[in-house]
């Protein structure tokens, strides 16, 4: 089992290297760095903080975009080129194929998180960068798992990417939505407010806490407490398990 | 065609169910905290908002209004309006109006929500905000000033203030869509202030200039004019 999984993971990492993902990441780092320097020239005070905050926020979104784009194109391309069918025709379980893909995508996600965190290490204290980097890695792992799930389920590039992007935006904004739903200003009636609140709360329960991950404040010297950080790590494990099993259920139901 | 669920390994389905329960439990242990009144920061500058808006400020204004809304609570009273810093509220509302002058939400919030607190100073502050902003678009913003006039009359019992607001509507809101009742508010406030002569002159002016077209309204005003004249006679 390990051999098949390792082979697929290796092929996925090789694909990432050959698709020049590392160059794209480097160019992104360069552009973000240049933009931060420009804005640093404009700022009068807190120049370092402004540069760091902007770099961290933009790099975070770029990392999520790159991971999602890579995972989706990889899965969809393999499906279109019948490579998935070739893999599945081997004497190996479908779970092995999935584990290989998620492992390969996880390596890409971890490499990106490492590279982006290393960039910020030039500007922020090491402890803060470590927290931020680990948290970003967790976020990217979840994004990778969701992107694979969407690609396997929808099997179309555009729809899979739209679904992943929608998921990411929702996960980042669901807490704000809960706050808004909990403080109604309208006068539609108590049951309407209660229904809306229940729906939003139910959606929030099914979403990972991405809005609490990779906080810029951690880079600026406000490190998270151990319980908060441990909670984020547990959240990552649980969500990877959930999405991974959901993908497997979908994969086992597919006819090739 | 997909295979039916029973063909999926049972361990997988059980695992999925367990993972789902774990996720739901984990998230329900960590509910979001409601914002506190003291947490409301000052709004970003207009320039900062222009940069953030990427050339399209109206969606940003709508989001900012919802953000501001998250700092208070009508029914749950976790953060009653009067606990909010009204100076900040005023700045936020003005800033939102600045980037979205067409939007009516900020003035609605000022006149109908933030002004309806038991604190008189805060009430007046919001009414004055509505009054100031009214002049930038009198034909569209009159409903909020009309509500402000009603609040000044009934809530604050400040008839001169109510008259000032009503007079502003009467003088500046001249669009065809502005209803006559809004422009006539000043007359009724004058009656309440016992300034019957001025009210009589105003009603007479309306009728003479032919501003009242609807026969029902005309009849009502003529009747009102007669009542006023008889009250003036009685007072003499």
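The values are calculated or read from the model by the stated rules, or taken from the named source; none is laboratory data. Everything numeric in this text was worked out from a predicted model, so none of it was measured. As a convention, Cβ positions derive from the backbone with ideal geometry for all residues, glycine included, and neighbour counts pool all protein chains shown.
The table below lists the values:
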{"item": "Test: residue in segment A:169-180 that is surrounded by 19 or more Cβ atoms within 10 Å (Cβ to Cβ), at pLDDT 85 or above, at the interface with another protein chain (Cβ under 10 Å from one of its Cβ atoms) and more than 30 Å from residue B:2 (Cα to Cα)", "result": "yes"}
{"item": "Enumeration of residues in segment A:209-243 that are outside any helix (DSSP H, G or I) and at the interface with chain B (Cβ under 8 Å from one of its Cβ atoms)", "result": "A:209"}
{"item": "Output for segment B:177-190, where each listed residue is outside any loop (DSSP other than H, G, I, E, B) and within 14 Å of residue B:149 (Cβ to Cβ)", "result": "B:181, B:182, B:183, B:185, B:186, B:187, B:188, B:189, B:190"}
{"item": "Only one of A:243, A:234 that is surrounded by 20 or more Cβ atoms within 10 Å (Cβ to Cβ) and under 19 Å from the mean Cα position of the chain (by Cα)", "result": "A:243"}
{"item": "Number of positions in segment B:208-218 that are surrounded by fewer than 15 Cβ atoms within 10 Å (Cβ to Cβ) and either over 15 Å from residue B:170 (Cα atoms) or touching a helix residue (DSSP H, G or I) at 6+ places or on another chain (Cβ under 9 Å) (or both)", "result": "7"}
{"item": "Where a residue in segment B:192-211 is at positive phi and its partner, wherever it lies, is assigned to a helix (DSSP H, G or I) and exposed (fewer than 15 other Cβ atoms within 10 Å of the Cβ), with Cβ under 9 Å and at least six apart", "result": "B:194/B:235"}
{"item": "Scan of segment B:204-224 for residues that are assigned to a helix (DSSP H, G or I) and within 16 Å of residue B:183 (Cα to Cα), ordered by number", "result": "B:204, B:205, B:206, B:207, B:208, B:209, B:217, B:218, B:220, B:221, B:224"}
{"item": "Residue B:166 vs. criteria part of a helix (DSSP H, G or I), touching a helix residue (DSSP H, G or I) at 6+ places or on another chain (Cβ under 9 Å) and crowded, with 23+ Cβ neighbours inside 10 Å", "result": "yes"}
{"item": "Criterion violated by residue A:165 - all others in (1) at the interface with chain B (Cβ under 10 Å from one of its Cβ atoms); (2) out of contact with any helix residue (DSSP H, G or I) (no Cβ under 6 Å at 6 or more places or on another chain); (3) touching a residue at least 12 places away in the same chain (Cβ under 8 Å) satisfied", "result": "(1)"}
{"item": "Some residue of segment B:111-120 being away from chain A (no Cβ under 14 Å) and either part of a helix (DSSP H, G or I) or closer than 22 Å to residue B:193 by Cα (or both)", "result": "yes"}
{"item": "Every residue from segment B:125-140 that is over 16 Å from residue B:98 (Cα atoms) and within 14 Å of the chain's Cα centre (by Cα)", "result": "B:125, B:126, B:127, B:128"}
